[in-house]
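Only one structure is covered here, and it is reproduced in the block below.
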């Protein structure tokens, strides 16, 4: 299955199996069922039986693909990721907006909103889930960090600006609103955040151009 | 027990019971045991028996105080909070630093780091835990919002500055680092964050004074 908007991007499975070709559509159905099950019952309450019932498949169909609930969970977490496309428009505000909006969109999607708290709780106790999460986070911030570096090279921002601090503030505001305040951030609010962040490091000339 | 630094602040219990005086010290021991149990086993794996064993008390001692694991958990979440003292120094940077540093300190403490992911996961499914969390978050950001309002009145920041956006970026960076990157933020890094945030909204005169 290809990564068209609105459907999970199914990436290569960590536990790839040899044999007959995989039915990617069935994988996607099971992932959706797993996300719904964890969203409804939490990680502790979710069961393979419950996921099988939601997906309309037998337990064996799931266990043949993923040997444990943790394996399925980890795969599902990877499957709800969105790749952030690089944007190099020459404008720091626009590049940063293009890099941060997908993070906001991802956090707005019900399946990730349902999954993230359980993912964080599991990551605290399970090193392999923690690794999945860290990879996920590193990928989601990479384009924003590159946008800061390009702006630095162009002289649009103060040379000493710390890219990670800026990105932590932007991605942090989105995650904090979603997880702690229970609020989504729409495109207009993302733009407001980005403008505020750009303002914090812009050189005097670039500020006038961008505002 | 009083709220000296390094020990949990025990606030009024939601389920106050009449009868013989409560042993606050025992409450604190049980809360520490509950936090350790959830930290070690996650919310799903934590049991009252496990907490009782860690605390060196009987199950009944716990159940007399909190009728369920959820009640104890909710109390424990409240007990690890730190009140943020108001600071009105006349300097926006200093007031914001004084308001944000306790949030960073709280997130650095092992008991909250252990509890927060489970608290978030539980909050997704349990309205009363969600309410506890929201109250906690609202309290932790209040002093920072007031610091922004005072700076606005003094004319230190651009009049249109949105206090909540600024606080979301600061508290957000701290929470994001703790939960998603697994990093603590020390006082020097809090100061760097605060300076960056202040820079994003300072009026030209105040910027020169503060930097």
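Shape verdict for the stretch B:37-115, please, from the Cα gyration tensor: rounded (a/c under 1.5), prolate (a/b greater than b/c) or oblate. If you can, show how the numbers build up before the last one.
Working: a/c = 4.05, a/b = 2.68, b/c = 1.51.
Because a/c hits 1.5 or more and a/b exceeds b/c, the stretch B:37-115 counts as prolate.
Applying a 10 Å radius around every beta-carbon, put B:170-176, A:63-69, B:115-121, B:138-144 in order of their mean neighbour count, most first.
Details: B:170-176: 27.3, A:63-69: 15.7, B:115-121: 25.6, B:138-144: 19.0.
Ranking the peptides B:170-176, A:63-69, B:115-121, B:138-144 by packing returns B:170-176, B:115-121, B:138-144, A:63-69.
Quick check on the stretch A:24-79: take the gyration tensor over C-alpha atoms, sort the square-rooted eigenvalues as a ≥ b ≥ c, and tell me if it's rounded (a/c under 1.5), prolate or oblate. Don't skip to the answer; put the middle values down first.
On the way: a/c = 1.33, a/b = 1.19, b/c = 1.12.
Since a/c stays below 1.5, the shape of the stretch A:24-79 is classed as rounded.
Starting from the Cα gyration tensor of the stretch A:118-211, take the square roots of the eigenvalues, sort them a ≥ b ≥ c, and report rounded, prolate or oblate (rounded when a/c is under 1.5, otherwise prolate if a/b is larger than b/c, else oblate).
Working: a/c = 3.37, a/b = 1.77, b/c = 1.91.
It comes out oblate by the Cα gyration axes.
What is the extension gain from residue B:24 to residue B:49, computed as 0.36 nm multiplied by their sequence separation minus the C-alpha to C-alpha distance, in nm to one decimal?
Values: separation 25, 0.36 × 25 = 9.00 nm, distance 2.05 nm.
Length gained, residue B:24 through residue B:49: 6.9 nm.
Tell me the label-point distance for the pair residue B:88, residue B:128, using the 7 Å Cα-to-Cβ offset, in nm and rounded to one decimal.
For residue B:88 paired with residue B:128, the spin-label model returns 3.8 nm.
Can you give the relative contact order of the stretch B:111-211 as a percent, counting alpha carbon pairs under 8 Å and 6+ residues apart? Intermediate results must be reported in sequence, preceding the final value.
Details: 51 pairs, mean separation 23.8, N = 101.
That works out to 24 percent.
Rule-based calculations on the coordinates, nothing more; no lab input. Being a predicted model, the structure only gives us computed values, none of them experimental. Here Cβ is always computed from backbone atoms with ideal geometry, including for glycine, and neighbour counts include all displayed protein chains.
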